[in-house]
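Where a number appears in this text, it was derived from the coordinates with a stated rule and is not lab data. Worth saying up front: this structure is predicted, and the values here are computed from it rather than measured. Cβ: placed from backbone, ideal geometry, glycine included. Neighbour counts: every protein chain shown.
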Amino acid sequence: MKLQNNQTEKRLGNEKATCRFATALGHCLRSTDTILLSGELGTGKTFFARALIQSILVQPEEVPSPTFTLVQTYKTKLGDLWHSDLYRIAQIEEIEELGLIDAFAHSICVVEWPDRLGPLMPEEALKIEFKMLTNKALARNVILTWTDAKWTQTVTKIMSGLSSG
Ligand SMILES: Nc1ncnc2c1ncn2[C@@H]1O[C@H](COP(=O)(O)OP(=O)(O)OP(=O)(O)O)[C@@H](O)[C@H]1O
Ligand SMILES: [Mg+2]
């Protein structure tokens, strides 16, 4: 783990490590937090989102990829959560029609392919970029970046929790 101002990088050696990281972050979220998940196809954005969502759901349920529905919503112990995949979005108006921009203000939002938001990308979000590692099929690197100071405490807390066991 490398910790700098407003940026941290972490190795997730296998799926279990990704689940632990997602669960730790899930439990630190507040009701209007936004997490933006970027990275190439198949790097683990949905896998991470599923683990995060399942760790805070009120009732256990399936968490399918929102690739085709664009948005899936959930009732969590921390409030309503929107899981969105913007890969197929061609026009920014389509995102506004989904209601996602409004949802940033009232729900937890977990967004895959957030580059599609362009100028509508929320500044206060925590950004997590997933990267494959060559020759390691089950390992990923994640780079966490933020500008809102609220994330410094959260990231420090989850990173110290993960490294201690
Ligand atoms: N350490 C790991 N963390 C996350 N996923 C992993 C890891 N190791 C292997 N995987 C596998 O990588 C795949 C990631 O697929 P996933 O659908 O999450 O990708 P994605 O980034 O959401 O892709 P897309 O851009 O198509 O939505 C899953 O099959 C998952 O089991
Ligand atoms: Mg996905």
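Structure data summary
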quantity	calculated
Gap separating the Cα centres of region 1-60 and region 128-155, nearest whole Å	8 Å
Non-local Lys pairs in region 2-158, i.e. 8 or more apart or on different chains, that have alpha carbons under 14 Å apart	7
The chain - Rg over Rh from alpha carbon coordinates, Kirkwood radius	0.93
Helix-derived mean residue ellipticity, 222 nm - over the chain, DSSP H n ≥ 4, -39500 (n - 2.57), to 500	-9500 deg cm²/dmol
Ranked ARG88, ARG140, ARG20, criterion: other C-beta atoms within 10 Å, fewest first	ARG88, ARG20, ARG140
Inter-label distance, nm, simple model (7 Å from Cα along the C-beta direction), ASP102/ASP115	3.0 nm
Whole-number percent relative contact order across the chain, with pairs defined as alpha carbons under 8 Å at least 6 apart	32 percent
For region 1-84: relative contact order, % (alpha-carbon pairs under 8 angstrom, 6 or more apart)	22 percent
